[in-house]
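What follows is a short report on a single structure.
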Amino acid sequence: MSDRRFGEPSFPGPRAGAMPAGGGSALGRWLGRPSPVHRKDPESVRRRLLAQVRQLEIRARKAMTQGFAGEYSSAFKGRGLEFEEVREYRRGDDVRTIDWNVTARTGEIHVKLYREERDLTVLLLVDLSASTRFGSGVMTVHDLIAEVSGLFALAAARRDRVGAILFDERVRAVIPPRRSWRHGLRVVREILAAEPAGRGTDAGTAFRTAGRLLKGRGIVVAVVDRACPLPAREIRALGVRHELVVIRAGDRLLEGRKPPAPIPVREAEGRGTGVVDGTTPVLRPAPLSELEVLDLTTGEDYLPAVREFLRRRERRRVA
């Protein structure tokens, strides 16, 4: 079985009054997510969502204090430099910034200081196709997509405008870009609350919607299922005016790792059934050569990989 769309266990839950061996609820659980029965109580769903948002906010704030904010800002530069002030030359200053007029007038070497002029709009494209429900551990692909998207939303909300397009087989929601931490939390909340449900993935429509929504120069961060087909024509058209980064999320079980036991599954984006027994490599669509792509996997801490990706991006920009 190698179809990426197989994402849910096909075995039924326990009969009324029956308990799985060990008193747990293994038969009533999906791979990596609680059974849908827990979502029937709106109040419990609301509390769970607020707890997720708060947990991600804490993780994001911690990452900011550890340097993630600076790495994000360096990886995505503003549109130009704006003069700020003149001060005396200090060892290590770039000699090209010397202000010769002030230096001649005062007799002391002075340099001009500039600050980055940021007027950026960051737009997140978030994949909500049903295949993202797959998860072989405590985290599903959707969980990983939601967390990484939320981290970028909060990083952008500190200085830039941030919005989001949620899509599966169609565009399900558009959150207009705004600049504020509160709005960043709203983006996080909308992403975490969204339930993967589509029977397909139409990334092309999402990219075209992003092109219409972005008026000035912007940054598009697409966070998608690793097997999501990337629309070449739409990507090239968007890349003419905007910066584009694609983050692909996958699951450990679909990376060629053998499960501890055969697992019956049901096709998330169709009606087929099957059994995961042995390695199940995902067919990865080859990305465009000019496209910046970061691959992440469930069960591994994504933050170090994201930070290293941003550092590499900054080094390429400086070189």
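Extension gain for residue 178-residue 199 works out to 4.5 nm (0.36 nm per residue, less the C-alpha to C-alpha distance).
Counting other Cβ atoms within 10 Å as a rough exposure proxy, the listed residues 149, 180 run 180, 149 from fewest neighbours to most.
Stretched out straight at 0.36 nm per residue, the stretch from residue 43 to residue 305 would grow longer than its current Cα-Cα span by 90.8 nm. Among 71, 57, sorting on how many other beta-carbon atoms sit within 10 Å of each Cβ, with the fewest leading, yields 57, 71. Would you mind computing, in nm to one decimal, how far apart the modelled labels at residue 217 and residue 295 are, each placed 7 Å from Cα along Cα→Cβ? About 3.2 nm, to one decimal. Residue order for 121, 298, fewest other beta carbons within 10 angstrom first, comes to 121, 298. Taking each residue as 0.36 nm, the span from residue 108 to residue 240 lengthens on full extension beyond its C-alpha to C-alpha distance by 43.0 nm.
Taken together, the values in this text are just the output of simple stated rules run on the coordinates, not laboratory data. Owing to the predicted nature of the structure, the values given are computational and were not obtained by experimental measurement. Here the Cβ is made from the backbone with ideal geometry for all residues, glycine too, and neighbour counts use every protein chain on show.
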